[in-house]
Every structure is written in C-alpha cells, then in structure tokens.
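Structure, as structure tokens:
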Amino acid sequence: MTKPDISVNIAGVKLNNPVIAASGSFGYGREYAKLFELKELGGISLKGMTLEGRNGNPPPRVAETPSGMLNCVGLQNPGIDYFLENELPFLKKQETVLISNIAGNTISDYCGLAERLSETDIDMIELNISCPNVKKGGAAFGTDCESAAGVTREVRRHCKKPLIVKLSPAAADITAIAQAVEAEGADAVSLINTLLGMRIDIKSRRPVLSNNAGGLSGAAIFPVALRMVWQTARRVKIPVIGMGGVTKWQDAIEMLLAGACAVQVGTATFGDPYAMIKIRDGIENYLIENNYESLCDIVGKVIPNPNGIL
Ligand SMILES: Cc1cc2nc3c(=O)[nH]c(=O)nc-3n(C[C@H](O)[C@H](O)[C@H](O)COP(=O)(O)O)c2cc1C
C-alpha cells in the first residue's frame, strides 16, 4: 500500500505535512530541536515579531484554566535586527517552512517588517492583526473590516512573500474580515487567535494576570475555533489555516473536514512537546485506514445537516 500524500501547498509554498507550530508556543524552535528534527513539522510560525525588541508584560503573565490557559505575554521578542542576525541562520538549517508572524502598533510598522522580511529567506509572512493582550498591537485592526482591509492593502504593497492574515475571534463576524482581507490580496487566512479572558484570585481580590486580562487558548476554545474555521472556509477561496485548541490528531481531522488545509498547534505543545508529531502521524494513519489518497479527500468534506442553524 502506498503512503497517502499529506503534503499541502499554500500560496505556492509546499509543506511536507499540514501541522504547523503556532506562533508564540514554539519560540524560534531551539528548545524543541533538542527533542526532534524540526523538519518533521510542516512549518513553524515564529514568535510574533516587532520592529524594535519588546520585554512584554510583567509577570504573572500565564495562568492555567480548565482545559486551557490564559496568557498576557505581550509580544515579548528581541526585534527584527536580532532575529535576522541570531535566529534566522539557525532556522534556515532546519529544512522546514518558516513563517514570520509580524505585529505592530501602526500600519507603517507592519509595512516596515514586511519589506525587510521580503528580502530574507523567510518563506511566508503571517500578519498578526489579532493579538488581544497588548494595549496597542493590532487587535483593533482585526475586529473591523475597513481596518483589516486597510492594513492588508498596505502590507501587500510592501510584501513580496506569500501573505497569511491571522484573524481575531473578537470580530463580530470573522467571515466578513476574512473576505475583506482576501479582497486586498491576502494569500491565506489563519484563525483563530486567542479569546480574551480573565481570572481573579479570590484571596487577594486581584486579577491573576498582571495585565488583568489575557488570551485564552488550548482545548477549551476548540469548538469555537472549529465553528469559525468552518464558516470562514465556506466564504473565501484562499486557503484557511485552522487553529485554536487542536490537541489530538482527531481535532486536526475535524479542522480539515471543516475546511482548513492545514492546522497550527500551540498550547498542546506545552503539555506534550511531541503533540505535533503525534498529530501528524495520526492524520496519516486516518487517511490510510479510510483508504484516502491525500488530504484533498478530506479537506472541507464535512457533511452539514441541511436544517442546521448555520
Ligand atoms: C504563550 C502564547 C503566546 C502567543 N504568542 C502569539 C504571537 O506572538 N503571535 C500570534 O499571532 N499568536 C500568538 N499566540 C496565539 C497562538 O498562536 C494561537 O493562535 C492560539 O494560542 C490558539 O491556538 P492553541 O489553542 O493551539 O494555542 C500565542 C499563544 C500563547 C499561548
């Protein structure tokens, strides 16, 4: 029996498999490279990058929640100059698809990053217009169609790499945002970023996180993410990358059936550093057991109920 084809092509970039490390949960891969070869992954969405380095928010900036976590890391990163000099050379040796996740306070920040990254060996750019845990930093762009379209239009002019726009679940209608960025030249959309949440320490009466609120991720958000991916995939022609609580291979299959051509995995990696490898193998086995030849046989193949609410 020949092995099924689990490769996927997104905007002309070939990924060996559909499992991508989600931004912020994998840093620049150095720690994980000690555990497995990074080329085992379809790709890596690198930690969110800004023009200047950022220290992020003060601690405490993570908290556990039932089936998930809250974070208010606040886009801590060393800035583009440091990245290009010290991290990209290591990453280039890893033979996996590299996605630069970029963030900024202004459209001009995003354009500056896209322009500089266009001259590097990065394979794709992911525009983070959805980070909920910094005061400025893009979330506002992601909840309003006009702003999302505006930032995508400008970045598109400066970006020579395939452009993924990462969408926010805080938008009133995420599918409208997806269509707006598609119309401005986005090559793909990825969704969802975290949902804004909060915990309070009942002894001190203080919020658990230094930022008061933070982004909720992990298995708890999976059904919401899946619903949004399904709705979005039916409304756009560009590829959809699904994420949000994908923890097991079965979740990834659900995302693919809902219409995602690939998945990103974040929080699950904190609990099990090999989660992505297991998910990749599980996808392959599912295809074998069901006699499917490739991912195309399952992507978007959910059979909705005709009288459903959506
Ligand atoms: C600690 C942490 C840091 C994150 N940092 C970023 C980031 O820099 N840029 C970004 O676009 N998303 C960031 N995210 C969001 C994830 O990429 C992902 O969209 C979200 O966590 C949902 O996926 P998951 O449930 O598999 O973690 C971060 C998430 C976590 C938990």
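Only the coordinates and a few stated rules stand behind these numbers; no lab work does. Values in this document were obtained by computation on a predicted structure and should not be read as measured data. We place every Cβ from the backbone using ideal geometry, glycine too, and count neighbours over all the protein chains shown.
Filter segment 103-129 for residues that are more than 14 Å from the ligand (Cβ to nearest atom), charged (D, E, K, R) and over 16 Å from GLY53 (Cα atoms) and give the result.
GLU115, GLU119, ASP121, ASP123
So, of the residues in segment 169-187 that are among the small types (Gly, Ala, Ser) and either within 14 Å of the ligand (Cβ to nearest atom) or part of a loop (DSSP other than H, G, I, E, B) (or both), which turns out to be surrounded by the most Cβ atoms within 10 Å (Cβ to Cβ)?
Result: ALA186.
Would you tally the residues in segment 89-102 being under 19 Å from the mean Cα position of the chain (by Cα) and either within 10 Å of the ligand (Cβ to nearest atom) or not in a loop (DSSP other than H, G, I, E, B) (or both)?
7
Can GLN76 be described as surrounded by 15 or more Cβ atoms within 10 Å (Cβ to Cβ), under 17 Å from the mean Cα position of the chain (by Cα) and farther than 14 Å from GLY266 by Cα?
Judged against the criteria, GLN76 is a match.
Please work out which residue is nearest to GLU284 (Cα to Cα), limiting yourself to segment 15-49 and to residues that are outside any loop (DSSP other than H, G, I, E, B), touching a residue at least 24 places away in the same chain (Cβ under 8 Å) and out of contact with any Gly (no Cβ under 8 Å at 6 or more places or on another chain).
Taking the candidates together, the pick is GLU40.
From LYS203, LYS166, grab the single residue that is within 16 Å of the ligand (Cβ to nearest atom) and charged (D, E, K, R).
Being within 16 Å of the ligand (Cβ to nearest atom) and charged (D, E, K, R) holds for just one of LYS203, LYS166, which is LYS166.
Is it the case that some residue within segment 50-64 is charged (D, E, K, R), touching a residue at least 40 places away in the same chain (Cβ under 8 Å) and either surrounded by 15 or more Cβ atoms within 10 Å (Cβ to Cβ) or closer than 13 Å to GLY215 by Cα (or both)?
Yes, the conditions are met somewhere in segment 50-64.
Could you go through segment 53-65 and let me know if any residue there is of a type in the set (Ser, Thr, Tyr) and in a loop (DSSP other than H, G, I, E, B).
no
Within segment 104-120, which residues are assigned to a loop (DSSP other than H, G, I, E, B) and over 20 Å from the mean Cα position of the chain (by Cα)?
THR106, GLU119, THR120
Among the listed residues PRO78, PRO4, PRO66, PRO59, identify the single one that is more than 11 Å from the ligand (Cβ to nearest atom) and in contact with a strand residue (DSSP E or B) (Cβ under 8 Å, 6 or more places away or on another chain).
Answer to the selection: PRO4.
Tell me which residues, restricted to segment 188-205, are surrounded by fewer than 23 Cβ atoms within 10 Å (Cβ to Cβ) and either in contact with a strand residue (DSSP E or B) (Cβ under 7 Å, 6 or more places away or on another chain) or aliphatic (A, V, I, L, M) (or both).
LEU195, LEU196, GLY197, MET198, ARG199, ILE200, ILE202
Check segment 206-222 and report whether any residue there is among the polar types (S, T, N, Q) and surrounded by fewer than 16 Cβ atoms within 10 Å (Cβ to Cβ).
yes
Of all residues being outside any loop (DSSP other than H, G, I, E, B) and in contact with a helix residue (DSSP H, G or I) (Cβ under 9 Å, 6 or more places away or on another chain) in segment 290-310, which is farthest from PHE36 (Cα to Cα)? Just the residue, please.
ASP297
Taking strands (runs of 3 or more DSSP E) that do not extend beyond segment 210-289, which have at least 3 residues that are within 9 Å of the ligand (Cβ to nearest atom)?
214-217, 262-265
Restricted to segment 245-270, and to residues that are touching a Ser or Thr at 6+ places or on another chain (Cβ under 8 Å) and of a type in the set (Gly, Ala, Ser), which residue is surrounded by the most Cβ atoms within 10 Å (Cβ to Cβ)?
GLY266
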